[in-house]
Amino acid sequence: MKTVGVVGLGTMGLGVAQVFAQAGLAVLATDAVRAVRDSAQERLATSLNARVQAGKMTPEERDTILGRLIVVDELGSMAAAGLVIEAVVENLATKRDLFSKLERVVAPEAVLATNTSSLSVGAVAEGLVQPERFLGLHFFNPAPAQRLVELVRHPGTSPAALKAARQVAEAAGKRVIDAPDRPGFIVNRTARPFYGEALALLEEGRNAAEIDAAVLSAGYRIGPFSLIDLIGADINLVATRSVHEATGRHPRYHVFAAQEAAVAEGRLGRKSGRGFLFPELPGQPPRDAERIVARIEATLVNEAGWFLSEGGVTAEGINEAIRLGLSFPHGPFDILSARGAGPLHALLGALEAAAPPYLKGRYAPAPILTEAQ
Ligand SMILES: NC(=O)c1ccc[n+]([C@@H]2O[C@H](COP(=O)([O-])OP(=O)(O)OC[C@H]3O[C@@H](n4cnc5c(N)ncnc54)[C@H](O)[C@@H]3O)[C@@H](O)[C@H]2O)c1
């Protein structure tokens with residue numbers, strides 16, 4: 001494949017365009033907004049200049065890469081693309097409409113991919129004339145720096161389309177992991193307890209600084225509240241809500257009042273200047289740091305266990321996706337091996353017994369933990 005297409009040149013689309021331009025492919029790119037199209041070259045140059053300044057790229061390489069981004073005004077100019085990835089607004093109707101137009105433009109064997117974070121890939125595929133060449137390629141932000149890409153099939157995706165998408169993403173240096181078409185795919189679903197259990201602890205009276213400090217002391221690069229502050233409390237809330245709704249409001253994805261309040265009051269994190277912790281930093285770990293970490297990790301293992309039990313994914317896939325997608329020091333099944341199913345099962349049992357009525361069922365152990373008893 002020599003040419004890819006990118007539709008939507010916001011945060012993700014421009015990052016995805018950079019990934020493929022850096023890998024030597026021609027990138028045909030467009031956006032519905034003229035000003036966004038017009039600024040794309042300059043924004044890509046700014047991103048690449050940072051690499052030049054860091055000594056990771058020569059000015060000549062930068063110019064070659066910039067020359068590979070071809071911004072076009074019309075979807076009709078994307079006919080040469082062997083793969084088109086969309087990163088437009090997260091709206092089902094918009095995405096369906098876009099793909100129904102795109103499939104009339106590209107060659108019959110071209111692959112079409114969505115970068116959606118929260119929509120069902122199968123739902124986006126509905127109504128396509130050739131749904132077999134449609135799939136999800138879920139990049140993480142910032143796309144040039146994040147190695148992980150989740151490859152998502154819907155029931156009708158063909159092996160040929162999956163192979164082609166995997167090959168081109170791998171050739172661009174990505175680690176491609178198969179993910180089932182379920183809310184949050186692997187990372188955004190199985191990471192929920194990292195935030196959720198920290199919020200449960202907050203609700204019980206612990207403070208964000210000590211929870212983050214405890215997690216840092218266990219080798220994590222960033223604590224849950226600092227991570228929410230980085231992502232944006234609003235974005236993080238949407239992710240939790242979408243899994244909560246899609247699972248019939250299961251208490252494992254309970255939406256905590258503290259987060260709703262933070263969003264309602266505009267305490268969104270870095271982007272608004274104030275968050276759960278930001279601009280403060282985590283302090284010294286509390287004396288019971290290990291207990292805090294054990295609790296958060298037990299719920300991470302349990303979530304991964306439930307996810308595994310639903311099928312379409314391997315323990316290795318979950319482990320690697322979590323390590324890469326969140327830069328965690330270990331995946332949930334590494335934690336399971338290290339801590340053992342028995343102690344994790346017992347800890348979840350104690351948490352379930354102490355849970356308030358609206359959280360009952362939150363700590364029900366996954367089959368992988370009960371089977372080992
Ligand atoms: N931001 C993230 O961290 C992240 C991570 C992974 C996936 N995603 C997904 O990527 C997609 C884009 O997210 P983003 O954060 O880059 O959004 P963004 O708002 O930064 O960019 C979206 C762009 O799409 C353009 N657009 C809207 N409708 C269009 C249309 N019909 N045709 C062409 N262009 C159109 C907009 O003008 C805008 O420039 C979403 O589906 C999102 O869920 C986002």
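The values are calculated or read from the model by the stated rules, or taken from the named source; none is laboratory data. All values reported here derive from a predicted model rather than from experimental measurement. All Cβ positions, even for glycine, are placed from backbone atoms using ideal geometry, and neighbour counts span all protein chains on display. Remember, those area values only see protein heavy atoms, side chains included, never the ligands or the DNA or RNA. Shrake-Rupley method; radii C 1.70, N 1.55, O 1.52, S 1.80 Å.
In table form, for the structure just shown:
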read-out	value
Efficiency of FRET between Val129 and Arg291 - r from beta-carbon atoms, R0 56 angstrom, step 0.05	0.50
Difference of contour (0.36 nm per residue) and Cα-Cα distance, Asp334 to Gln167	57.3 nm
Between the range 128-152 and the range 89-119, the alpha-carbon center distance in angstrom	11
Contour excess over end-to-end distance, with Cα ends at Asp73 and Ser39 and 0.36 nm allotted per residue	11.0 nm
Degrees separating the helix 233-246 axis from the principal Cα axis of the chain, which is the longest one	80
Distance from the range 215-242 to the range 1-44 (C-alpha centre basis), Å	28
Packing rank of 324-337, 30-43, 348-361, where each peptide gets the mean count of other beta carbons within 10 Å, highest leading	324-337, 30-43, 348-361
In Hz, Karplus ³J(HN,Hα) per residue of the range 201-218 (6.51, -1.76, 1.60; θ = phi - 60°; x = Gly, Pro)	5, 4, 5, 7, x, 6, 9, 4, 5, 6, 5, 4, 4, 4, 5, 4, 5, 9
Cα centroid of the range 174-197 to Cα centroid of the range 311-364, whole Å	13
Over the chain, relative contact order from alpha-carbon pairs under 8 Å, at least 6 apart, %	13
Leu148 long-range amide H proximity, modeled H, under 5 Å	Arg175
Highest-first arrangement of 239-252, 161-174, where packing means the average Cβ count within 10 Å	161-174, 239-252
Within the accessible area of the chain (1.4 Å probe), percent carbon and sulfur	54
In order through the range 177-188: 3J(HN,Hα) via Karplus (6.51 cos²θ - 1.76 cosθ + 1.60), integer Hz, x for Gly, Pro	10, 5, 10, x, 7, 10, x, x, 6, 8, 5, 5
Extended-chain gain in nm, criterion 0.36 nm per residue less alpha-carbon gap, Ala353 and Glu60	99.2 nm
Per-peptide average of other Cβ atoms within 10 Å, ordering 220-229, 86-95, 297-306 highest first	297-306, 220-229, 86-95
Crossing angle, helix 159-171 versus the chain [Cα axis fit, 0-90 degrees, rounded to tens]	90
Nearest-ten-degree value, helix 92-105 long axis tilted from longest Cα axis of the chain	30
Estimated 222 nm signal from helices in the chain, with DSSP H stretches of n ≥ 4 weighted -39500 (n - 2.57), rounded to 500	-15500 deg cm²/dmol
Accessible surface, per residue, of the chain when the full set of protein chains is kept, probe 1.4 Å, Å²	43
